[in-house]
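Novice: Sending over a structure as structure tokens; questions will come in a sec.
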Amino acid sequence: MSISEKDILQALSHVDDPDLHKDIVTLGMVRDITIDGNNIGFSVYLTTPACPMKEVIENACRNAIAHFISDTATVKINMTADVVAGKRKTEVMPSVKNIIAVGSGKGGVGKSTVSAGLANALHQAGAKVGLMDADIYGPSVPILFGVENAIIEMDMVDGKELMRPVDAGGIKLFSIGFLSKPDEAVVWRGPMVSSALKQFMNGVNWGELDYLIIDLPPGTGDVQLTLVQNLPLSGAVIVSTPQHMAVADARRACAMFNIQGVNVPILGLVENMSYFTPEDQPDKTYKIFGEGGVEKLSAEFNVPVIGKLPIEPALMQDSDSGNIRHNKNVKNFIEIAGRLVQQIAISNAK
Ligand code: ADP
């Protein structure tokens, strides 16, 4: 019996995307089918290269072919991705598929560290990633990536002069820190901040990006509100430590994304400095800043906790020395990025 394309699609229609709860054929994820005798080939286009379900889906495809067509066929599957663009105003940064804001109610909880860690993890998964440091009061992205002295060059794009982002091992970075002298931004007033940030949005040559992560200024004042209202965000991530005071401020940040006229989906909460495990006592965890607050927030706003990061002295050292890209615990960020992209895919599919 010869195998047809229809047989393959029929078999693969039994494979569901575990996040989207629909089969991968209906979702248009199966493409480029080839059949040569007993050799079957096809591509599965995931919604993101950082999909943590990649292996599960590939195995399910193999099982479906074996079960419904032939268990002696040679199956070659190309697991690839076509990042789905968020539903947003396309006139602003049309070549950026998803803009994700990372916010916090309080400074110093690790918002920039998480922004940088997520950007790095998504880049390592194969996504095209940019990171915009909008934390005008304390731009730390240039330090995290060791590019404090970068000089901004200009590109001509369609007759418009645009600032070229700084390349950090393939991640495109832009920060107000590249344009101002240290300490200068601290005295900026709200309207100046807003107009500078607007220039950021329209004046940087981001090019094609799957994800642009925006490290927001901490807090929930006018500046933050203007920013989240004007950016075509796919969603937001809120970072908090377990400390009671930080959680109370994070609650205000969640509320800001929920208010009418903003309505940005909160994709997940990240609890940073969640616990400490001494290197010489790997089975011990110390909850130095308390516990339970972020879970409470999660229940209150009906948003998932997408990660908990330990207090890790090496992360602090790598951040300070501009080595965040080479932090040895990148797997923590890969896990969080995996849950984030799942939430983005679910939100975009709604
Ligand atoms: P924010 O952007 O919220 O102000 P940062 O990301 O700049 O916070 O982090 C504040 C400080 O805490 C930095 O020195 C950073 O290196 C450190 N830090 C953040 N997260 C961790 C962590 N999980 N373990 C150890 N140090 C951390």
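Novice: Could you state the angle between the C-alpha long axis of helix 190-203 and the longest principal axis of the C-alpha atoms of the chain, as a value from 0 to 90 degrees rounded to the nearest 10?
Specialist: Approximately 30 degrees, to the nearest ten.
Novice: Quick one: which of Lys287/Lys350; Lys87/Lys111; Lys22/Lys172; Lys87/Lys128; Lys111/Lys296 span more than 27 angstrom between C-alpha atoms? All intermediate terms of the calculation are to be shown ahead of the outcome.
Specialist: Details: Lys287/Lys350 37 Å; Lys87/Lys111 25 Å; Lys22/Lys172 34 Å; Lys87/Lys128 18 Å; Lys111/Lys296 20 Å.
Where the Cα-Cα span goes over 27 Å, the pairs concerned are Lys287/Lys350; Lys22/Lys172.
Novice: Which residue fluctuates most in the GNM of the chain (Cα springs below 10 Å): Phe200, Phe174, Phe333?
Specialist: In this elastic network of the chain, the residue with the biggest mean-square fluctuation among Phe200, Phe174, Phe333 is Phe200.
Novice: Also: Output the antiparallel fraction of DSSP beta bridges having both residues in the chain, as a percent to the nearest 5. Provide the component values of the computation, followed by the final result.
Specialist: Details: 15 of 51 bridges.
Just about 30 percent of them are antiparallel.
Novice: Using alpha carbons only, how many degrees (0 to 90, rounded to 10) separate the axis of helix 244-258 from the longest principal axis of the chain?
Specialist: Taking Cα atoms only, the helix is inclined about 70 degrees.
Novice: Which cross-chain or sequence-distant (5 or more) residues have an amide H under 5 Å from the amide H of Leu131, H modelled 1.01 Å from N in plane?
Specialist: Residues meeting the amide H criterion: Lys172, Leu173, Phe174, Ile213.
Novice: Next question. Run the accessible area of the chain with a 1.4 Å probe and give the carbon-and-sulfur part as a rounded percent.
Specialist: Working: 8300 of 16410 Å².
Answer for the chain is 51 percent, counting heavy atoms of protein chains only.
Novice: Here's another thing I want to ask about it. Based on the alpha-carbon gyration tensor of segment 5-81, what equivalent-ellipsoid semi-axes (square roots of 5 times the eigenvalues) come out, in whole Å, largest first? Before the final figure, lay out each step's value.
Specialist: Details: eigenvalues 75, 30, 25 Å².
Ellipsoid half-lengths, sorted descending, are 19, 12, 11 Å.
Novice: Among the lysines, select those whose C-alpha is under 18 Å from the C-alpha of Lys328, and discard any that sit fewer than 8 residues away in the same chain.
Specialist: Lys308
Novice: Near the amide H of Ala81, under 5 Å away, which other amide H atoms are found, from residues 5 or more places off or on another chain, if H is placed in the peptide plane?
Specialist: Close amide H contacts, sequence-distant or interchain: Leu46.
Novice: So between Phe276 and Glu161, what do we pick up on full extension, going 0.36 nm a residue minus the alpha carbon distance?
Specialist: Numbers: separation 115, 0.36 × 115 = 41.40 nm, distance 4.77 nm.
Working it through step by step, the gained length comes to 36.6 nm.
Novice: Pick out which of Gly110, Gly207, Gly307 has the largest mean-square fluctuation in a Gaussian network model of the chain, springs linking Cα atoms closer than 10 Å.
Specialist: Ranking Gly110, Gly207, Gly307 by mean-square fluctuation puts Gly207 first.
Novice: Whole Å is fine, so just give me how far the alpha carbon centre of segment 281-337 lies from that of segment 134-161.
Specialist: What the calculation gives is 27 Å, centre to centre.
Novice: Here is a follow-up. What accessible area per residue comes out for segment 96-349, rounded to a whole number of Å², with a 1.4 Å probe?
Specialist: Details: 10900 Å² over 254 residues.
With all protein chains present, segment 96-349 gives 43 Å² per residue.
Novice: Now for a separate question. Enumerate the amide H contacts of Leu209 below 5 Å, restricted to partners 5 or more residues apart or on another chain; note that Pro and chain-start residues carry no placed amide H.
Specialist: It is Val96, Lys97, by chain and number.
Novice: Label Ala248 and Ala85 with points 7 Å out from Cα along Cα→Cβ: what is the distance between them in nm?
Specialist: Placing both labels 7 Å along Cα→Cβ, they lie 4.4 nm apart.
Novice: Now a separate question. For Lys287 paired with Asn63, estimate the spin-label separation in nm (one decimal), with each label point 7 Å from Cα along the Cα-to-Cβ line.
Specialist: Each label point lies 7 Å from its Cα, and together they span 3.6 nm.
Novice: Same structure again: Can you compute 3J(HN,Hα) from phi for each residue in segment 116-123, using the Karplus curve 6.51 cos²θ - 1.76 cosθ + 1.60 with θ = phi - 60°, rounded to whole Hz and x for Gly and Pro?
Specialist: Couplings: 5, x, 5, 4, 5, 5, 5, 5 Hz.
Novice: ³J(HN,Hα) across segment 281-288 via Karplus (A = 6.51, B = -1.76, C = 1.60, θ = phi - 60°), whole Hz, x for Gly/Pro?
Specialist: Per-residue couplings from phi come out as 10, x, 9, 9, 10, 10, 8, 5 Hz.
Novice: Tell me, in nm to one decimal, what length is gained between Ile152 and Ala299 on full extension, where the rule is 0.36 nm per residue of separation less the Cα-Cα distance? Numbers along the way, then the final one.
Specialist: Details: separation 147, 0.36 × 147 = 52.92 nm, distance 4.37 nm.
Result: 48.6 nm gained on full extension.
Novice: Hey, in the GNM for the chain with a 10 angstrom Cα cutoff, which one of Gln124, Gln281, Gln199 fluctuates hardest?
Specialist: Gln281
Novice: Only residues of segment 6-44 count here: report those whose backbone N is under 20 Å from the spot 7 Å along Cα→Cβ of Thr74, or say none.
Specialist: Residues 8, 32-44 qualify, since their backbone N sits under 20 Å from the label point.
Novice: Next question. Hey, what did segment 96-349 get for relative contact order, percent, Cα under 8 Å, at least 6 apart? Could you put the intermediate results ahead of the total?
Specialist: Details: 492 pairs, mean separation 69.1, N = 254.
Relative contact order for segment 96-349 comes out at 27 percent.
Novice: Could I ask something else about it? Across the Cα atoms of segment 96-349, what radius of gyration and what greatest pairwise Cα-Cα distance (Dmax) are found, in Å?
Specialist: 17.4, 60
The values are calculated or read from the model by the stated rules, or taken from the named source; none is laboratory data. Since the model is a prediction, treat every value here as computed from it, not as a measurement. Backbone-built Cβ (ideal geometry, glycine too); neighbour counts: all protein chains shown. SASA here: full protein model, heavy atoms, side chains in, ligands and nucleic acids out. Shrake-Rupley method; radii C 1.70, N 1.55, O 1.52, S 1.80 Å.
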